[in-house]
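Take a look at the structure below.
Computed from the coordinates by the stated procedures, all read-outs in this text should not be read as laboratory data. Because the structure is a prediction, the values reported are computed rather than measured. No Cβ is skipped: glycine too gets one built from the backbone with ideal geometry, and neighbour counts run over all protein chains shown.
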């Protein structure tokens, strides 16, 4: 089913922890619907990338605030997918590098960063027809989204998936290190004061541990079709 010709174009949100399969699922779902795919985590990673390349301490809110005041960040659309641009450089290929991943959750926990990125994210939902994935899409960025999902998986499954992603991207790392990184990321995301990682009260929670991507997308399409 491709809903691109449908007169009603929804805002669909997918939240969840690292390694749950949000990005892969969101891309597949957006393609099936003919919607825009918005990877909001890439925006936080872009700030982390900029901080790393300029030597900014990501745990220093004053330094980060100054960085944001001089940072030109925007996104472009390419085949219904967003590309992340800093200045005139497309930084999308660099955002999954381990050094960026290590500091991304620290950046994401900073209120200054979350406030700065909020309107950038929200502008994409104004016309509908979007699948937005992240950690607070259904709770804070798009609280009025018509369809919300919270995608989860057990820690072992998420570790294995992230390890395979690293190998395919040519990055070093072992599963035990990745497991600790994901566990630490979960703790930071769930305990931060602003927009902690929790399912929206009206979200459909899906445990993707035993499921393929196609099965997850099919489950989501059942909910979406009922709203179209």
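Cβ crowding within 10 Å ranks 220, 71 as 71, 220, fewest other Cβ atoms first. Listed by Cβ neighbour count within 10 Å, with the fewest neighbours leading, 79, 177, 39 appear as 79, 177, 39.
Length gained on full extension, residue 156 to residue 184: 8.7 nm, using 0.36 nm per residue less the C-alpha separation. Helix 98-108 and the longest principal axis of the Cα set of the chain meet at an angle near 80°. Pair-distance distribution of segment 11-221: all C-alpha pairs, bin width 5 Å, starting at 0; shares per bin in whole percent are 1, 7, 16, 20, 22, 18, 11, 4, 1.
What's the angle, to the nearest 10 degrees (0 to 90), between helix 22-33's Cα axis and the longest principal axis of the chain? It works out to around 40 degrees. Axis of helix 111-122 versus longest Cα principal axis of the chain: the two differ by about 30°, to the nearest ten degrees. Only Cα pairs under 8 Å and 6+ residues apart enter the sum, and on that basis the relative contact order of the chain stands at 32 percent. Going by neighbour counts of Cβ atoms within 10 Å, the residues 70, 171, 180 line up, fewest first, as 70, 180, 171. Reducing segment 151-191 and segment 124-138 to their Cα centroids gives an inter-centroid distance of 24 Å. When both bridge partners sit in the chain, DSSP labels roughly 30% of those beta bridges antiparallel. With the simple spin-label model, which puts each label point 7 Å out from Cα in the Cβ direction, the residue 59 to residue 118 separation comes to 2.6 nm.
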